[in-house]
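Visitor: Please find one structure pasted underneath; my questions will follow.
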2 protein chains.
Amino acid sequence: MGSLRVHNAIVLTMVPGRQPIMRGELVSKDGLIEYVGPHRSGIADHYDQDIDAAGGVLLPGFVNAHTHLAMTLLRGYADDMPLQEWLTTRIWPTEARLQEDDVYWGAMLGILEMLRAGITCFADMYHYPKAATQAAIDGGIRALPSGVLLQFVEDISSVERAVEFALVVRETAPSRIVPMLGPHAPYSCSIEMLEQVAAAAAEHGLGVHIHLSETADEVRRVVDETGLSPVQYLDKLGLLDNHVTAAHCVHVDDAELETLVERRVGIAHCPTSNMKLASGFAPVPRMLSMGACLGLGTDGAASNNRLDMLQEARMAALIHKGHSGDPGVLSAEEALSVATTGAAQAVGLGGQVGSLQVGKCADFTVISLAEAHNHPLHNVYSQLVYAAQAADVVCTAVDGVVLYKDGTYPLLDAERIIARADESARRIAGGQ
Amino acid sequence: MGSLRVHNAIVLTMVPGRQPIMRGELVSKDGLIEYVGPHRSGIADHYDQDIDAAGGVLLPGFVNAHTHLAMTLLRGYADDMPLQEWLTTRIWPTEARLQEDDVYWGAMLGILEMLRAGITCFADMYHYPKAATQAAIDGGIRALPSGVLLQFVEDISSVERAVEFALVVRETAPSRIVPMLGPHAPYSCSIEMLEQVAAAAAEHGLGVHIHLSETADEVRRVVDETGLSPVQYLDKLGLLDNHVTAAHCVHVDDAELETLVERRVGIAHCPTSNMKLASGFAPVPRMLSMGACLGLGTDGAASNNRLDMLQEARMAALIHKGHSGDPGVLSAEEALSVATTGAAQAVGLGGQVGSLQVGKCADFTVISLAEAHNHPLHNVYSQLVYAAQAADVVCTAVDGVVLYKDGTYPLLDAERIIARADESARRIAGGQ
């Protein structure tokens, strides 16, 4: 990996209380941050790679705390529909035609998109997790892959196999690939399955990635069947004794929030998906005031349809103002923090990524403020969250390795990936 | 203006019921659309300009039905604040330092941004309307400029002067500049002022651009003072006998909506601004089902902070699903329609722009779907609204004249405009 410097940047470390460094630089060595701070003149160091940020903003790479990556193949395939109709007539029949190869190319397409948007890490839950894992390895990006454990689908109901997969990945893949267990949701997994997951996670120190209280309907189902709220239910089963990344948490009351805070459950808030599927408004201002471990995710491209954390930060900042009636909630700086440090903590990697600090992994992105829509510059946080767009990203690196720069992917053949993903999408949509 | 062809495009005419033309072209002559339809092979026509859209989407230019263009200068200057504090401690003191020259450069900056985002027409309400008008003339864009008529500010309380300005513009500016009268809002203009505006608009056939029922507070004020709802009040004063573009309409009940529909009042819905300032959720699904004349606007860059109609279309499609609990409301196609044909009608230019039809003005944009985030392509409308971003725009033209193409502005010196606008922004923010 060698050494790399990025200079001539406005640096946002995203360390709480730290001011933007208006003329700053970052140096990484062997994948770790060695220096971050003001520009040092007269330093005669020689770096393997020296990047001029040209006045752009250097900040931690975004962490996408919840996605189903290969669903890029279904982007735009079924929009503006009621959830059950969407699932039963469009998504599930199409997914049934998925093969491992499709998932690889769909994941690769998603990796192109995420790197282009400054995302350096993602927590994935999808079928054929081996394919998504291979894509993350090939793509150079940091990933927390898991399969989907679902009670009623025979192929994917074995906790044993999921654990085996996770252990093999942990042993054989680069350290930036951190496998998790992926029980789908409290309402779609049996009590035995959830208990098995809890035990295996504890035994092997694996994180758990699960959907939690996304819709009012599913919450009612769990309450009816168990007499407990979904959060209480998971807690009783011992699942929250492990690190858990819980996607959505739209319909949680204060008592549940208290448990989530106490157990340090990572919440992956997905504002665009919650709006698009009309799931509702998660109590985000309340989560923040209660000190929840709050991150952001894009969800899959079928319910977004972008993998773009700048968009999620903006959506979160905007919709919770509108919904609460208070324009002061979720400031631009808070939204950006939730998309970086918050999301890193939510997936259990708060010690390694999510802020620019010496000793952490050199996962970062550079966002240009050169075009008209980013002028004038009164406030860097506001500019990124409310004015900038994914296309303003000019450089993205993971472990100090540049994976996207100025329209090119040094490690990837973008044209081929797009063609192969298009082919897969045509096949599964056409049913051939 | 001569002749121009755009070929090799997916054409969305935005004429209701018309299917996308998967390999289509458009020809304009002397600023008007002469042909739009499938690719014609073997036509040996010679065009002054021939543009290969390379498979991108050709659609009508977006119409921004409500903005305060030169507020680009205040982009990011005061965010995440309560409305009254925002206005009194930040926006108004800064605006008090504005000079005519600042408005010109701020408007020019906004024009760069809008052309880059596929916007070909905007309805503006701001101080020093002469400067914004000159900017629109110089920038080649279509505009409906108006000043701001406010009761309590001496300089801008003369309806007579506003009418005079409008008549001079109508007489001297190119026909694509359509002046309007801009009374600020029912609560901030006296009854006499609104009556004068109504009479002058009727006498001279001028349109009226006004804020209407943006916040619950102002509605209460009008009801308290007049005993009428804001819509009834304006109707009683005769204002709605003219073409009116009413920005926001967040807090309108069914009776008011009926009046708005009956009087064909153009509604400029501003979803991002309504969220950012926590004004509330306009009853957009109800407006659509009642057949309202509904368009979209960005509002000013201080309350957005973008001038990006793709973002407004997406925000509208997303937040009204979330707020209504129905994922079927405001489909991608409807959202795109509201941003083009709807907005054109809302500003009173439905006969000239807003759809691609023979005889209409050749105002169009081309959006590339080449990058990873726009693959695969299952549905063109979904792709544009949910997946594409402003940066995907590769070409924007007004009256058949290309104003933006592949990073360049043939008529404008972008670097100089940005530098001058930055300078103005520094001066007014710094108070020098």
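We did not get these values from a lab; they are worked out from the coordinates using the rules stated. Computed from a predicted structure; not experimentally measured. Every residue, glycine among them, receives a Cβ derived from its backbone with ideal geometry; neighbour counts consider all protein chains shown.
Visitor: When each copy gets a label point 7 Å from Cα toward the beta-carbon at B:Gln99, what are the spacings between them in nm, shortest first?
Guide: Values, ascending and in nm: 7.1.
Visitor: Next up: Compare the Cα positions of A:Ser229, A:Ser158, A:Ala143 along the charge dipole of region A:62-346 (+1 at Cβ of Lys, Arg; -1 at Cβ of Asp, Glu; about the Cα centre) and return the one farthest towards the positive end.
Guide: So the residue we want is A:Ala143.
Visitor: Which order do the peptides B:88-100, B:295-307, B:170-182, B:252-264 come out in when sorted by mean C-beta neighbours inside 10 angstrom, highest first?
Guide: Numbers: B:88-100: 15.0, B:295-307: 29.2, B:170-182: 18.8, B:252-264: 17.2.
Top of the packing list down: B:295-307, B:170-182, B:252-264, B:88-100.
Visitor: Taking the Cα centre as origin and putting +1 on Lys and Arg beta-carbons and -1 on Asp and Glu beta-carbons, what dipole magnitude results for chain A, to the nearest 20 debye?
Guide: 780
Visitor: Taking B:Met81 in one copy and the same position in all the others, each labelled 7 Å out along Cα→Cβ, what are the pairwise distances from the first, in nm, shortest first?
Guide: 4.7
Visitor: Straight distance only, please: which aspartates and glutamates reach the Cα of B:Lys29 with their own Cα at less than 20 Å, same-chain residues fewer than 8 apart left out?
Guide: Straight-line reach from B:Lys29, under 20 Å: B:Asp45, B:Asp48, B:Asp50, B:Asp52, B:Asp363, B:Asp399.
Visitor: Can you list residues from other chains, or at least 5 along the same chain, whose modelled amide H is less than 5 Å from the amide H of B:Gly207?
Guide: Under 5 Å from the amide H of B:Gly207: B:Leu181.
Visitor: So what is the 222 nm mean residue ellipticity for chain B from helices alone, if each DSSP H run of at least 4 adds -39500 (n - 2.57) and you divide by all residues, rounding to the nearest 500 deg cm²/dmol?
Guide: On the way: 14 runs with 142 residues, N = 432.
Taken over chain B, the calculation gives -9500 deg cm²/dmol.
Visitor: In percent, how large is the relative contact order of chain B, given Cα pairs closer than 8 Å and 6 or more residues apart? Walk me through the numbers on the way to the answer.
Guide: Numbers: 988 pairs, mean separation 93.4, N = 432.
Relative contact order for chain B comes out at 22 percent.
Visitor: Moving on to the next point. Could you sort B:75-81, A:17-23 so that the peptide with the highest average Cβ count within 10 Å comes first and the rest follow in order?
Guide: Details: B:75-81: 22.9, A:17-23: 12.3.
Top of the packing list down: B:75-81, A:17-23.
Visitor: What is the distance, in nm, between label points placed 7 Å from the Cα along the Cα-to-Cβ direction at B:Glu192 and at B:Gln49?
Guide: The two pseudo-label positions are separated by 5.0 nm.
Visitor: Sort B:310-318, B:209-217 for me by packing, meaning the mean count of neighbouring Cβ atoms within 10 Å per residue, highest on top. Present the calculation step by step, with values, prior to reporting the outcome.
Guide: Values: B:310-318: 27.6, B:209-217: 23.6.
Highest mean packing first, the order is B:310-318, B:209-217.
Visitor: Another question about this same structure. Which angle between 0 and 90 degrees, to the nearest 10, do you get for helix A:216-226 versus the longest principal axis of chain A when only C-alpha atoms count?
Guide: In chain A, helix A:216-226 runs at an angle near 50 degrees to the longest axis.
Visitor: Could you work out the mean count of beta carbons from other protein chains within 10 Å of each residue's beta carbon in A:319-331? Write out the running numbers ahead of the final one.
Guide: Values: counts 8, 2, 7, 16, 7, 1, 4, 3, 13, 6, 2, 1, 3.
Average neighbour count from other chains, rounded to a whole number: 6.
Visitor: Still on this structure, I have one more. Could you give me the ³J(HN,Hα) list for region B:344-361, computed from phi with Karplus coefficients 6.51, -1.76, 1.60 and θ = phi - 60°, whole Hz, x at Gly and Pro?
Guide: Karplus values, whole Hz, x for Gly and Pro: 4, 5, 5, 9, x, 10, x, x, 9, 9, x, 8, 8, 9, 4, x, 7, 5.
Visitor: Select from A:Ser337, A:Ser28, A:Ser324 the residue whose mean-square fluctuation is largest in a Gaussian network model of chain A (Cα-Cα springs shorter than 10 Å).
Guide: For chain A, modelled as a Gaussian network with Cα springs under 10 Å, the answer is A:Ser324.
Visitor: Using the structure shown, select from A:Lys130/B:Lys405; A:Lys130/A:Lys405; A:Lys130/A:Lys360; A:Lys360/B:Lys321 the pairs with a Cα to Cα distance greater than 32 angstrom. Don't skip to the answer; put the middle values down first.
Guide: Values: A:Lys130/B:Lys405 43 Å; A:Lys130/A:Lys405 28 Å; A:Lys130/A:Lys360 27 Å; A:Lys360/B:Lys321 40 Å.
In this structure, A:Lys130/B:Lys405; A:Lys360/B:Lys321 lie more than 32 Å apart at Cα.
Visitor: Next up: Taking a point 7 Å out from Cα toward Cβ as the label site, list the nm distances between B:Arg264 and the same residue in every other copy, smallest first.
Guide: 6.5
Visitor: Does anyone have the angle between helix B:414-430 and the longest principal axis of chain B? Alpha-carbon axes, 0 to 90°, nearest 10?
Guide: Computed tilt is about 20 degrees.
Visitor: Nearest 10 degrees is fine. How inclined is helix B:100-116 to the longest principal axis of chain B, computing both from alpha carbons?
Guide: 40
Visitor: Using the Karplus curve 6.51 cos²θ - 1.76 cosθ + 1.60 with θ = phi - 60°, work out ³J(HN,Hα) for each residue of region A:18-34 in order, rounded to whole Hz, and write x for Gly and Pro.
Guide: Whole-Hz 3J(HN,Hα) from phi for region A:18-34: 7, 6, x, 9, 6, 9, x, 8, 9, 10, 10, 9, 6, x, 10, 6, 9.
Visitor: Where is the GNM fluctuation largest for chain A (alpha-carbon springs, 10 angstrom cutoff): A:Pro283, A:Pro376, A:Pro410?
Guide: In this elastic network of chain A, the residue with the biggest mean-square fluctuation among A:Pro283, A:Pro376, A:Pro410 is A:Pro376.
Visitor: Where in region B:168-194 does the amide nitrogen come within less than 17 Å of the point 7 Å from the Cα of B:Asp30, taken along Cα to Cβ?
Guide: In region B:168-194, the label zone of B:Asp30 (backbone N under 17 Å from the point 7 Å along Cα→Cβ) covers B:175-176.
Visitor: A further question on this structure: Which percentage, to the nearest 5, of the DSSP beta bridges contained in chain A is antiparallel? Numbers along the way, then the final one.
Guide: Working: 26 of 57 bridges.
If I count the DSSP bridges inside chain A, around 45 percent turn out antiparallel.
Visitor: Okay, moving on. Once the Cβ-Cβ distance between B:Ala419 and A:Glu258 is put in as r, and R0 is 60 Å, what FRET efficiency do you end up with, to the nearest 0.05?
Guide: Values: r = 53 Å, r/R0 = 0.88.
Efficiency, from the Cβ-Cβ distance: 0.70.
Visitor: Still on this structure, please answer the following. Amide H neighbours of B:Leu403 under 5 Å, counting only residues 5+ apart in sequence or on other chains, H built in-plane at 1.01 Å?
Guide: B:Thr396, B:Ala397, B:Val398
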